[in-house]
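Encoded as C-alpha cells, the structure appears first; notes follow it.
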Amino acid sequence: MAAHVHQQSARAAVRTSWLGLRYLVGHHVLRHDPPLIRGLVLTNRCNLHCRHCRVSERDPMDLSFAEVTAAVDAFYAEGGRCLYLEGGEPFLWRDAAHRLDDIVQYAHGVGYLTVVVYTNGTLPLRTSADTVFVSVDGLQATHDALRGTSFERIMGNIRESPHPSLFINSTINSRNKDEIRAFCDHVEGIANIRGTFFYLHTPYYGHDALELDAVERQRVLRELLVLRRDHRILNSRAGLESALRNDWARPLGACSVYEEGVVYECCRYSGDLDLCRQCGYLSYAEIDQVLKLKPSAIGNAVKYF
C-alpha cells in the first residue's frame with residue numbers, strides 16, 4: 001500500500017497544483033468562484049474527550065455509506081474537487097462492511113483530486129487518502145492533559161505509518177503556548193512527519209480558560225513567524241501576518257462543511273460575527289492569502305501539497 005499511496009500522492013500533487021492554477025485564473029480573470037473544499041463530517045463518535053471539544057455530547061451519529069456517496073457526488077457536481085473527511089474520529093466510521101477507505105476510494109473514483117483525512121491519530125494510520133493530518137496539541141504531559149492519555153500511542157502510530165504525506169495539526173491555547181519551540185523540535189525528530197500546521201484555539205462553545213488573550217495571541221503569531229525560518233511549519237509568512245492583522249476574509253465562501261444533510265458555508269458557526277473575529281482556523285487565512293496572490297502563501301501551498 002505504501003508505494004501505491006506514494007505514487008497516488010505524487011500524481012494528486014500535480015493535479016491539485018493544476019486545480020489551484022485554474023482556480024486562481026477563474027477567480028481573478030473570469031470572476032468565477034466555484035466551491036473549493038468541503039469538509040464531510042462522517043461521525044460524531046470519538047474515542048477521546050478533549051477539553052476544547054463537545055462532540056461527545058452530540059448524538060452518536062454515523063452517516064450511512066449511501067448518504068456519504070450522495071454527498072460526495074453532489075459536491076463534485078457543484079465543481080468541488082477537494083474533500084476533507086472528519087468527525088468525531090473518522091477512522092471509527094463504519095456502515096456494515098464499509099470503512100473509511102471505501103469512502104476515500106469512492107471519492108478518487110468519482111474524480112476528486114485530493115482527499116484529506118483529519119484524525120486524532122489513536123488508530124493505525126493506514127489509508128489511501130492523499131494527505132493525513134494528525135491532531136497533537138503539545139508535548140506529552142500537555143497533550144494528555146488536553147486530550148486524554150494518548151500521546152505515546154499517537155507517536156507510535158505515526159512512526160509505524162507508511163503514509164508519505166503525513167502532517168501534524170496543533171492548536172495553540174493558554175495551556176501549550178509556552179512550549180511551541182520544544183514541540184517543533186520534538187515532532188521534527190520523527191522522520192515521516194512532513195510538517196506542522198498551527199491553529200489558535202477558537203472559543204466555539206463560548207469563552208473559556210484555553211482562550212488566548214489579545215496580547216498572547218499576537219506574541220504567539222510573532223513567535224511562529226520566527227520559528228518557521230528553521231522549522232517545518234506549514235503556516236506561510238503571509239498567512240501569519242494576515243492573522244496578526246486579523247484581516248482575512250470571513251466567511252470564506254470557497255470552503256464549506258457538510259453535516260447530517262446540511263451544508264454550512266465556511267464552518268458550522270459562521271453566523272456568529274463575534275466568533276468570526278476571534279477565529280483561529282488559520283488554514284482559512286492561508287487560502288485567503290493564496291487567493292490574494294501572496295507569493296509566500298502560494299509557495300507554501302505548492303511546497304507541501
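With all pairs of different alpha carbon atoms counted, what Kirkwood hydrodynamic radius in Å does the stretch 128-257 show?
After inverting the pairwise mean of 1/r, the radius is 15.7 Å.
Could you run the Karplus curve 6.51 cos²θ - 1.76 cosθ + 1.60 with θ = phi - 60° over the stretch 193-209 and give me ³J(HN,Hα) per residue in whole Hz, x for Gly and Pro?
Once θ is set to phi - 60°, the couplings for the stretch 193-209 become 8, 7, x, 10, 10, 9, 10, 10, 4, 10, x, 4, 9, x, 5, 8, 6 Hz.
Enumerate the amide H contacts of ILE233 below 5 Å, restricted to partners 5 or more residues apart or on another chain; note that Pro and chain-start residues carry no placed amide H.
Correct list: THR196.
Between the stretch 248-274 and the stretch 37-68, how far is it from one alpha carbon centroid to the other, in angstrom?
With the stretch 248-274 and the stretch 37-68 each reduced to a Cα centre, they are spaced 17 Å.
With every atom except the alpha carbons ignored, what do you get for Rg and Dmax of the stretch 153-218, in angstroms?
Gyration radius and largest Cα-Cα distance of the stretch 153-218: 14.1, 41 Å.
So, in nm, how far is label ALA214 from label SER174 when the simple model puts each one 7 Å beyond its Cα toward the Cβ?
1.7
Take every DSSP beta bridge with both residues inside the chain and express the antiparallel ones as a percent of the total, to the nearest 5.
Of the beta bridges lying entirely in the chain, close to 20 percent run antiparallel.
Take the Cα atoms of the stretch 220-269, find their three principal axes, and give me the spread along each one in whole Å, biggest first.
43, 22, 17
I'd like the distance separating the alpha-carbon centroids of the stretch 221-238 and the stretch 124-150, in whole Å.
21
What's the Kirkwood radius of the stretch 121-176 in Å, using all Cα pairs?
11.7
What are the semi-axes of the equivalent ellipsoid for the stretch 249-290, taken as the square roots of 5 times the Cα gyration tensor eigenvalues, largest first, in whole Å?
Values for the stretch 249-290, descending: 17, 13, 7 Å.
If you take every DSSP beta bridge fully contained in the stretch 141-270, what fraction is antiparallel? Give it as a percent rounded to 5.
Antiparallel bridges: around 40 percent, rounded to the nearest 5.
Let me see the P(r) profile for the chain: every Cα-Cα distance counted, bins of 20 Å, each bin given as a percent of all pairs.
Each 20 Å bin holds this share of Cα pairs: 33, 63, 3.
Every number here is computed from the coordinates shown, using simple stated rules; none is lab data. What you see is a predicted model; the values in this text were computed from it and never measured. Methodologically, a virtual Cβ is constructed for each residue, glycine included, from the backbone with ideal geometry; neighbour enumeration extends over all protein chains shown.
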